[in-house]
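In what follows, a single structure is set out as C-alpha cells and then discussed.
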Amino acid sequence: MAPISSSKKGSEVEVKEDIWSDLLSSLKTRTTSRGNKTVIMLGTPKSGKSTLMSKIMDSKDMDRIESTPGVAFNYVTVRDEERERIGQIGVHSTSYKHFLPHLLSRERMSNSIVVIVLSLDKPWNLEEELLYWTSLLEEHIKTLQIDERELAKSRQNVVDLFSSYKGPENKDEKEEEKKNKEEEDEVILPVPEGALVNNLGIPIMVVLSKVDCMSALQKENDFSEEHFEYIQWHLRKTCLSFGAGLLYCSPRENSNTRLLLDYLSHVFYNLKLKTEPQVIDRDAIFVPIGWDNLSKISLVSDGFVQFSQLKPFAEQIAALPDIRQKRVMKGEDDQLFLTRMQAVLVEKQKSGSPATTHKVLEGEAKGSTKTPPPADGVLANFFNSLLTKKPGSGPTSPNHSPSPPPTQGTLVPPKKALAPQLSAPQQREEHEKKALSSTRSNPEAPEEKAETPQETAAPKATTKLATAPAAGAGAREKSPTKTPSKTPVKKAGTAASSGMKKPAPKRGLPQPRK
C-alpha cells in the first residue's frame, strides 16, 4: 500500500478545521442573546398582580403568595422552539405611584412594555382605574424630559408595532397563499380611525383579572350577559385609543396566564404566536395590539338593549351595595369605659347602696331606664330557692311543672306539718268519719253508737269495762283454734264494751263448744 503524501494530510487537516469553525460560529450565533426586556406591571392592591406573576413564572408555591408590599421583582428566561435561550424578561410589579420613577427610566423606554392589571370583582371601578394608571404614566413620561426627536421615535415604534400585526400561521394554507399573505403583511397599512389617539410612546397591554367572578356577579348583583358585553365594548374602545391590547385571564383557574407570556415573547423577540384573537368567549377575550378597530367593536354594541353608547360608564355600571359586607361594631375605648364605671361606683358609695356594676351594664346595653334591684332582694331570692328545694328531689319530670319562684323581697318559711286546732263540733264530725270508715272496713263488727258529749267526758270508765271481758274471751277461745274448721275469728271486747247481744252465727257453719 502506497504511503499518503504530505499534501493530502494537510488538506484533510484544513477541512477538519473548517468544519469545527463553522460549528462554533453557528453555535455562537444561536446562543447570542437578543437582549433583556422589562415588563412593568401596574395595578391597585389585591387586583391579582402577585398571583399573575407567579403563574407566569410557573411557581408551584401558590399558598405562599401574598400581596405585594412595595415593589416585587422576578424574571423569566425565554427560549425558542429548539429550547435555546434567546433572552430574559424581568417583571416589576407595584401598586404605588411613588415607585414608578424607579421602574421606568429614560433608558428603558425602548425595551419595556407596561401591563395594567384590572380586577373584575368590582366592575364599576374599571374605567376609573384604567384612566388613573394611563394618566399617571403620561405624567411620569413628561417628567423624564425626553428629547422631542427621541419621543417621536418612541411613538413611531408604537405605530409600527400596531400596524405590523401578523396573525398566526395556518398549516393548511398552500404555499402560494402564504406568499401572497407575506407580501400583504410587508405593506404597512395606515392606522385605523380611533386608534392611537393617545400615543404615550410605550406599548401597553391591559389585563382583566379575576374573570371567574362573573358567576358571582350574576347571582349577587343581577348581572346579565349584556352587562359583560357592555364592559367588553367599553374596554376595547378605550384600549384602541391608546393602541393597547386586551386580555382576560383568571390566575386562580390558570386561564390565559401562559398566553400572556407567549404574547410578550412574541412582541419582544418576534417569536411565532400560535393563538388567534378571541372575542366570542366572554371569559377568554384576547385582542392583540393592532388587530382591533371600530368596525369590529361595533359588532358587540349592535345588540345593546339596556345600555346606551352615549351615557358614561359610571352611570350604567353603578356600584351596588355589597350584601356580603358585615356590620362593624365599634367598641368603646378602655380608658373611657373604666372612667365611666368609676364615676358610677363613686355615686353608689355616696348614696349608701351597694354597687351593682353588672346590673348597670346590662341596663345600659339594653337601653332601659329602670334602676337595678337592690342586692338584698337578690340574696333573698337565692336563699328562698335553697329553702323551697327538697334535699332528695332530682330533676323535675316533664309532666310535673316546677313551682313558681317566690316574689322578690319576700321570705318563704320552710314547709312543716302542723296539727290544726279544731273546735268541738269539728272534732265530733271527725270522730264520726273515723267510725264510719272502720265499720266499712269490718262489716261483721256491730255498729257503734255515736258518742255524746256525756260519753266523751268519761272515757276512762268505758276502757276499764272493755279490758275485763277481753281477757276471758281470749281464754275461752283457745280450744276452737286447734280445730282445722274455718270459723270466723271474733274480736274480743266488742260486745262487752258496747253492752249489746252477740250477733247470730251464719248458717251452715259449726258453732264452737262452750
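The values are calculated or read from the model by the stated rules, or taken from the named source; none is laboratory data. Remember, predicted model here, so these are calculated numbers, not experimental data. A quick note on method: Cβ atoms are made from the backbone with ideal geometry, for glycine too, and the neighbour counts reach across all protein chains shown. Just the protein is used for accessible areas: all its heavy atoms, side chains included, with ligands, DNA and RNA removed. Shrake-Rupley method; radii C 1.70, N 1.55, O 1.52, S 1.80 Å.
Screening residue 315 with (1) open to solvent by 70 Å² or more (accessible area, probe 1.4 Å); (2) over 40 Å from the mean Cα position of the chain (by Cα); (3) farther than 30 Å from residue 264 by Cα; (4) at pLDDT 85 or above gives one miss only, at (2). For first residues located in region 96-117 and basic (Lys, Arg), partners that are not in a loop (DSSP other than H, G, I, E, B) and lie 6+ apart or on another chain with Cβ distances below 6 Å form the pairs 97/136; 108/38.
Could you tell me whether any residue of region 187-205 is at pLDDT below 70 and more than 45 Å from the chain's Cα centre (by Cα)? Yes. Residues being under 11 Å from residue 42 (Cα atoms), of a type outside the set (Lys, Arg) and open to solvent by 80 Å² or more (accessible area, probe 1.4 Å): count how many of those fall in region 73-116. Selection size over region 73-116: 1.
Residue pairs whose Cβ atoms lie under 6 Å apart, separated by 6 or more positions or on different chains, with the first residue in region 267-287 and within 16 Å of residue 226 (Cα to Cα) and open to solvent by 40 Å² or more (accessible area, probe 1.4 Å) and the second at pLDDT 90 or above and part of a strand (DSSP E or B), are 283/248. Has region 243-256 got at least one residue that is of a type outside the set (S, T, N, Q) and open to solvent by 30 Å² or more (accessible area, probe 1.4 Å)? Looking through region 243-256, at least one residue is of a type outside the set (S, T, N, Q) and open to solvent by 30 Å² or more (accessible area, probe 1.4 Å).
Evaluation of residue 304 against the conditions (1) over 19 Å from residue 168 (Cβ atoms); (2) outside any loop (DSSP other than H, G, I, E, B); (3) open to solvent by less than 60 Å² (accessible area, probe 1.4 Å) shows that the sole unmet condition is (2). Can we say residue 122 is on the phi > 0 side of the Ramachandran plot, modelled with pLDDT of 90 or more, of a type outside the set (Gly, Ala, Ser) and under 38 Å from the mean Cα position of the chain (by Cα)? Taking the combined requirement at face value, the residue does not satisfy it.
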